[in-house]
């Protein structure tokens with residue numbers, strides 16, 4: 001039985017920042033949206049009052065976040 005060893009034929013190419021930047025913005029917006037839909041209420045609230053809660057209330061239930 002012969003052993004075959006695979007060796008890489010090329011070095012990994014670094015990804016330029018300008019190609020990562022749109023994905024970083026997308027991730028930040030997604031995390032911010034998840035925060036506002038899922039966590040923005042009660043003790044962790046950034047915005048006082050129930051305005052954000054009422055605005056995202058149906059989306060909260062659709063995504064499975066309990067709110068009351």
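Here, each number is a calculation from the coordinates, and none is a lab measurement. Please read all numbers here as calculations on a predicted model, not as lab measurements. For neighbour counting, all protein chains shown are included, and Cβ atoms are generated from backbone atoms with ideal geometry for every residue, glycine included.
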Give me the distance in nm between label points sitting 7 Å out from Cα along the Cα-to-Cβ direction at residue 54 and residue 7, one decimal. 7.0
Compute the long axis of helix 17-38 from its Cα atoms, compare it with the longest principal axis of the Cα atoms of the chain, and write down the angle in degrees, 0 to 90, nearest 10. 30
In whole percents, the bins of 5 Å from zero upward hold the Cα-Cα pairs of region 17-62 as 5, 22, 23, 17, 12, 9, 8, 4
Per DSSP H run of n ≥ 4, the term is -39500 (n - 2.57); total these for the chain, divide by its residue number, and report the mean residue ellipticity at 222 nm rounded to 500 deg cm²/dmol. -14500 deg cm²/dmol
Taking the simple approach of a point 7 Å from Cα along Cα-to-Cβ for both residue 34 and residue 21, what is their distance in nm? 2.5
